[in-house]
Each structure stands twice: as C-alpha cells, then as structure tokens.
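Trainee: Structure provided below as structure tokens; questions to follow.
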Amino acid sequence: MTIGRETLILLDTSVVLHLARNDATGQAIDADYSLASRRDRPLISSITEGELLGLAYSRHWGQHKLDALHKMLGNLVRVDAGLPLVVEWYAKLHAEAKRRGAPCGQNDLWIAATAKAAGAALLTCDKDFDWLDPDFVKVFRVGPAC
C-alpha cells in the first residue's frame, strides 16, 4: 500500500520528531514521501504539537532548537483536536479500542481521530496504530520504531 501524491497526510509525533532532528530517518521520510514538494502541506494534530513542545521543554532544548522546531511546525497545517468532528471520531475510536481491548494511548486516539476527521492517511514510526482497521484509517508505518 502506497500513499498517492494527492492523498492528504497527517504526521504522527514520531515522524515529526525525526523530521525535527533531521536525522537519517527524517531525511528518508521526507524524500520517500516528498513532504516538502507535495501540493498539500502535511497535517499535524494539535496533540502532536503539544507532545513535541512538551518533549522539547522537558529535555531543556536550547533556544536555537526550539526556534527550529517552531519554524518546522509553522510549515505544517495544524488541525485542532477540539473540532467537533475530531471529538466525534475520538469517541468512536475510544469505544472501538475498548471493544477490541486494544492498547492505545489517549494521545494516539486523538491523533488517529484527527486523521480520520481530516480524511488523511496517518504516517507513523511506531506500532501504536496497528490495531486500526485500514478501511477506517490508512496507517503507514515508516522508518525504525521510535
């Protein structure tokens, strides 16, 4: 399964972290998915933004790294997790995760709900979304596990 150039992409926190670090995984993701040259800029959930800033502050990133992170975030399209459609999909995903006994963190549910509400494919580096039905949310796992 591949992501077409016309498919909206929502980036999970793990992917954005690699992009922010500009490490080999981030560079490969950017190249493989042509993130910088897509017609539509990649999306992020406001939850991802909060996770990244929390990580940066807790790890005492210097001003230069914080500025670079803010600049990168400014080049992505932020989707507010408080939008009514995102909240509705969160509730449905929460119920489905409970029904399946799926181990899924609250932030991951919000991120998946944001992807669903936006009609976007979800790009991640971890297995946290493997339980999702691909007919519900298309999840693409890339790079090494974070």
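The values are calculated or read from the model by the stated rules, or taken from the named source; none is laboratory data. What you see is a predicted model, and the numbers here were worked out from it, not measured in a lab. Virtual Cβ from ideal backbone geometry, glycine too; neighbours counted across all protein chains shown.
Trainee: Looking only at region 55-86, which residues are free of Cβ contacts under 8 Å to residues at least 24 places away in the same chain and of a type in the set (Gly, Ala, Ser)?
Mentor: Listed by number, the residues that qualify are ALA56, SER58, GLY62, GLY74.
Trainee: Pick out the one residue from ALA20, ALA24 that is without any contact (Cβ under 8 Å) to a residue 12 or more places away in the chain and closer than 24 Å to ARG5 by Cα.
Mentor: ALA24
Yes/no matrix, rows are residues, columns are (1) over 27 Å from VAL86 (Cβ atoms); (2) more than 15 Å from the chain's Cα centre (by Cα); (3) surrounded by fewer than 17 Cβ atoms within 10 Å (Cβ to Cβ):
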position: THR7; (1), (2), (3): no, no, yes
position: GLY26; (1), (2), (3): no, no, no
position: SER34; (1), (2), (3): no, yes, yes
position: ARG38; (1), (2), (3): no, yes, yes
position: GLY50; (1), (2), (3): no, no, yes
position: ALA56; (1), (2), (3): no, yes, no
position: ARG59; (1), (2), (3): yes, yes, yes
position: GLY62; (1), (2), (3): yes, yes, yes
position: ASN75; (1), (2), (3): no, no, yes
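Trainee: State whether the residues of region 20-35 include one that is assigned to a helix (DSSP H, G or I), closer than 23 Å to GLY119 by Cβ and hydrophobic (A, V, I, L, M, F, W, C).
Mentor: yes
Trainee: State whether one or more residues within region 87-108 are of a type in the set (Ser, Thr, Tyr) and in contact (Cβ under 8 Å) with a residue 60 or more places away in the chain.
Mentor: no
Trainee: Just to check your reading of the model, which residue among ARG41, ARG99 is modelled with pLDDT under 95, under 24 Å from ARG141 (Cβ atoms), of a type outside the set (A, V, I, L, M) and touching a strand residue (DSSP E or B) at 6+ places or on another chain (Cβ under 9 Å)?
Mentor: Answer to the check: ARG41.
Trainee: Something else: Testing ASP30 on (1) crowded, with 16+ Cβ neighbours inside 10 Å; (2) in contact (Cβ under 8 Å) with a residue 12 or more places away in the chain; (3) over 21 Å from PHE136 (Cβ atoms); (4) charged (D, E, K, R), one condition comes back false. Which one is that?
Mentor: With respect to (1) crowded, with 16+ Cβ neighbours inside 10 Å; (2) in contact (Cβ under 8 Å) with a residue 12 or more places away in the chain; (3) over 21 Å from PHE136 (Cβ atoms); (4) charged (D, E, K, R), ASP30 is out only on (2).
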